[in-house]
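Step one of this worksheet: look at the structure below.
The values are calculated or read from the model by the stated rules, or taken from the named source; none is laboratory data. Predicted, not measured: the structure shown is a model, and the values here were computed from it. We place every Cβ from the backbone using ideal geometry, glycine too, and count neighbours over all the protein chains shown. The accessibility values were calculated without ligands, DNA or RNA, using every heavy atom of the protein model including side chains. Shrake-Rupley method; radii C 1.70, N 1.55, O 1.52, S 1.80 Å.
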Amino acid sequence: MKFSSATVTSISMIAIAKATGAFSLGATKSVIGASLQHSKNLSRQLQRAPLAMISSSTEATPSSVADLEFNPLLDQDGLPKFASIKPSNLSPAVKHLLEKLEKDFTDLESKLSSDTSDFDDVLPVIEKLQFPLGYVWGVAGHLNGVKNGDELRAAYEENQPDVVKAMTQFSQSRALYDALTAVETSLKSADENDFKIQQQKRAVEGSLRGMKLGGVGLDGEAKERFNEIKMRLAELSTKFGNHILDSTKAYGLNVENADELKNVPASAKGMWANAHKTHLTTEGEEEAGEIDAEKGPWRITLDGPSYIAALSHVPDRDIREKIYKAYLTRASDIGDDSNSNVPLVYEILKLKEEMSHILGFNNYAEMSLTSKMAPSVASVKELSELVLEKALPAAEAELAAVTALARSEGGDEYSEENMEKLSPWDTTFWSERLKESKFELTEEELRPYFSLPLVLGGMFSLVERIFNIKVEAADKDVETWNTDVQFFKVFDVDSEKHIASFYLDPYSRPADKRGGAWMDVCIGKSEACERDIPVAYLTCNGSPPVGDKTPSLMTFREVETLFHEFGHGLQHMLTDATVGDVAGINGVEWDAVELPSQFMENWCYDKETVYGFAKHYETGEPLPEDKFEKLKEQKTFNTGMMSCRQLLFGMLDMELHSNFDAEKGENGGESIFDVHRRMAEKYTPYSMPLEEDRFLCAFGHIFGGGYAAGYYSYKWAEVMSADAFGAFEDVGLENDKEVREVGKLFRSTVLSLGGGVEPMEVFRKFRGREPTPDALLRHNGLA
């Protein structure tokens with residue numbers, strides 16, 4: 001399969017984030033401070049992030065001077081002052097900047113006209129106007145994800161409607177739209193080979209499209225209703241995520257009988273023993289005692305590392321069932337109704353359909369795809385069915401092998417007489433046992449070789465080798481929001497110039513940090529705002545250290561996740577684009593933005609890369625070569641089931657946003673859960689959802705983030721990422737000189753051009769042709 005260049009569309013954005021429609025010139029752009037969030041084993045969330053922030057010149061306004069004088073959110077000359085920021089700072093800062101923004105934008109509108117045809121008189125000016133508020137709202141959004149608390153949550157929710165309302169004024173400004181139309185006309189005769197001109201064209205094109213999707217063409221009642229919908233969707237998105245966080249952290253299963261955790265890895269028991277002590281301390285138990293990982297007691301929670309470890313290793317079926325069902329019914333109508341997302345899902349779907357109809361689209365999916373590479377729902381379905389044809393037979397064979405092992409090794413309760421088929425809480429457990437027996441390698445055996453400090457060092461050595469950059473720790477240079485957080489600077493090797501920086505927040509903190517893994521933009525590159533050193537947030541939910549002497553010992557999946565998020569960060573940090581709207585990940589089509597992240601995961605199976613970090617944390621001995629070979633063999637283990645699962649999520653999302661009638665569904669017709677089961681019949685018929693399955697109530701990608709009618713993007717981009725890595729395979733991964741040359745080209749195209757060039761053209765510049773799915777199928781063992 002090839003992607004036609006005719007399918008390529010652009011989505012130039014001032015800010016891409018939490019599906020609120022704010023900080024934008026259109027409905028597809030949204031509030032600063034959101035993220036590209038991922039976790040392969042859990043739900044992923046992809047949300048785009050903002051561009052640069054600028055220093056706030058704060059003239060006196062009616063806001064209280066006392067509230068502003070020492071407000072760290074208004075100190076925007078450098079990086080955020082995280083140690084000084086308090087939730088009480090948010091409202092005064094937002095109110096002050098909104099007042100100033102309204103005045104400045106009113107002044108600008110009076111100067112704009114259809115005769116304003118110079119690019120520099122329009123979009124760069126808008127960047128400067130928006131970014132002081134963007135800086136504040138971005139920091140607030142980030143802290144809401146990594147340091148969530150009642151006071152911050154309340155302040156965020158209080159200010160969100162005013163922020164959305166203010167930014168809607170930009171997207172619906174006729175004066176601004178007319179000026180941008182004139183700029184677009186003036187750029188038609190400009191040099192198309194000039195990268196600066198390409199950036200400007202893409203930025204203007206995306207902004208005009210965004211304004212159309214943001215309701216610039218609406219009047220009267222239609223406009224009023226459209227704006228009401230945008231406001232309500234912003235509120236629902238935030239509430240949806242809060243419900244997931246609250247229900248996740250509210251649950252804990254205490255285990256006191258050591259026999260129920262027989263043969264569970266020490267790392268998992270240590271994590272659960274620590275969780276139990278933390279829970280007692282939180283509940284006011286002063287005599288919590290010392291942590292004893294072997295004797296317990298233990299507390300199994302629903303945050304990522306804990307949930308995955310329980311499903312993978314706890315031998316007791318009853319415990320696994322309780323954990324599985326608790327996870328799958330989070331924020332649903334089963335249990336605590338006060339946190340139920342069921343009514344929110346129906347309302348979100350109805351509002352998005354109504355919004356699309358107001359703008360003249362048949363459904364929300366059609367509206368969403370106007371700003372993506374995929375030209376239609378049919379093209380998404382075509383790719384899904386192409387992969388399904390290969391993946392489904394493999395998945396059914398994989399499950400049969402897992403079932404056979406369970407029947408032969410699990411005892412009488414797994415016999416055909418007692419169990420027709422494995423339950424969902426059995427599959428992961430026995431898959432892990434099959435993997436261990438097939439490859440004679442356990443996750444616990446590998447952990448000592450994957451300590452976080454060494455993995456970081458190896459990852460940094462890789463990018464120095466292939467991208468000619470050097471990463472150095474600089475923790476002392478910044479304030480952070482938690483003592484776990486690390487800070488790094490990135491330097492170009494040849495020029496020795498400091499070109500970027502990033503924060504890394506590596507560990508799970510279920511009390512106040514949302515699950516998954518994501519990349520956020522802290523500061524983006526922007527000539528208009530005089531910011532030339534982009535800064536990223538990389539956030540994971542990996543296994544924390546247990547005790548004071550042992551570093552974080554990572555699972556291999558956590559290593560891959562770290563590489564994945566670093567790939568997103570590299571596209572943000574190594575951009576050569578200077579027009580803010582298309583620098584870094586800004587302006588990159590949603591279904592292409594996963595290319596660098598998924599590309600980086602491939603290096604976790606490259607021998608030179610792995611041996612750059614795979615050393616025993618105590619002895620320094622390298623990973624035995626036979627274990628590395630087995631690790632590589634594991635890469636395609638159960639890829640059929642994993643592929644089918646991703647296809648199900650993508651097409652379930654697309655079905656809900658293109659063919660589903662939410663009004664009927666909420667009133668006795670086919671429900672959202674019926675749709676889930678119907679789509680599973682096609683994509684995962686071997687593993688149908690339980691009657692009480694409420695996965696959709698925690699599908700934050702599409703209901704709490706920016707992935708509505710876009711979850712398919714993971715597979716779409718994986719075609720390109722696999723093909724891109726194929727360029728390195730073609731020259732031989734062991735051929736250092738050639739690999740460096742290909743890496744240089746990858747950096748100068750995929751990582752540097754940002755949204756300034758259409759993604760298909762970027763791929764052609766790197767690969768010399770359009771992508772094919774051959775490498776994807778080969779990498780997944782499905783060729």
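Laid out as a table, the results:
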item: Complete set of residues in region 326-374 that are open to solvent by less than 50 Å² (accessible area, probe 1.4 Å), touching an Asp or Glu at 6+ places or on another chain (Cβ under 8 Å), of a type outside the set (A, V, I, L, M, F, W, C) and assigned to a helix (DSSP H, G or I); result: 339, 346, 356, 364
item: In region 220-277, residue most open to solvent (accessible area, probe 1.4 Å) [restricted to those that are outside any helix (DSSP H, G or I) and closer than 28 Å to residue 157 by Cα]; result: 251
item: Residue among 766, 728 that is in a helix (DSSP H, G or I), open to solvent by less than 50 Å² (accessible area, probe 1.4 Å), closer than 18 Å to residue 193 by Cβ and out of contact with any Cys (no Cβ under 7 Å at 6 or more places or on another chain); result: 766
item: Residue among 349, 405 that is out of contact with any Cys (no Cβ under 8 Å at 6 or more places or on another chain), at pLDDT 95 or above and under 20 Å from residue 676 (Cα atoms); result: 349
item: Inter-residue pairs, beta-carbon under 6 Å, first within 10 Å of residue 116 (Cα to Cα) and in region 174-185, second in a helix (DSSP H, G or I) and aliphatic (A, V, I, L, M), 6+ apart; result: 180/204; 180/208; 183/204
item: Some residue of region 282-302 being in contact (Cβ under 8 Å) with a residue 12 or more places away in the chain, among the hydroxyl-bearing types (Ser, Thr, Tyr), buried (at least 22 other Cβ atoms within 10 Å of the Cβ) and in a loop (DSSP other than H, G, I, E, B); result: yes
item: Some residue of region 554-568 being open to solvent by 10 Å² or more (accessible area, probe 1.4 Å), at negative phi and not in a helix (DSSP H, G or I); result: yes
item: Top-ranked residue of region 397-421 - restricted to ones that are surrounded by 21 or more Cβ atoms within 10 Å (Cβ to Cβ) and closer than 18 Å to residue 314 by Cα, ranked as farthest from the chain's Cα centre (by Cα); result: 406
item: Leading residue by the ranking (nearest to residue 420 (Cα to Cα)) among those in region 662-710 that are of a type in the set (Phe, Trp, Tyr) and not in a helix (DSSP H, G or I); result: 686
item: Conditions (1) at pLDDT 95 or above; (2) closer than 28 Å to residue 601 by Cβ; (3) open to solvent by 10 Å² or more (accessible area, probe 1.4 Å): number failed by residue 677; result: (2)
item: Scan of region 570-605 for residues that are of a type in the set (Asp, Glu), assigned to a helix (DSSP H, G or I) and open to solvent by 10 Å² or more (accessible area, probe 1.4 Å), ordered by number; result: 601
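Yes/no matrix, rows are residues, columns are (1) touching a strand residue (DSSP E or B) at 6+ places or on another chain (Cβ under 6 Å); (2) among the charged types (D, E, K, R); (3) in contact (Cβ under 8 Å) with a residue 40 or more places away in the chain; (4) within 21 Å of residue 718 (Cα to Cα):
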| residue | (1), (2), (3), (4) |
| --- | --- |
| 589 | yes, yes, yes, yes |
| 598 | no, no, yes, yes |
| 601 | no, yes, yes, yes |
| 624 | no, no, no, no |
| 647 | no, no, yes, yes |
| 651 | no, no, yes, yes |
| 659 | no, no, yes, no |
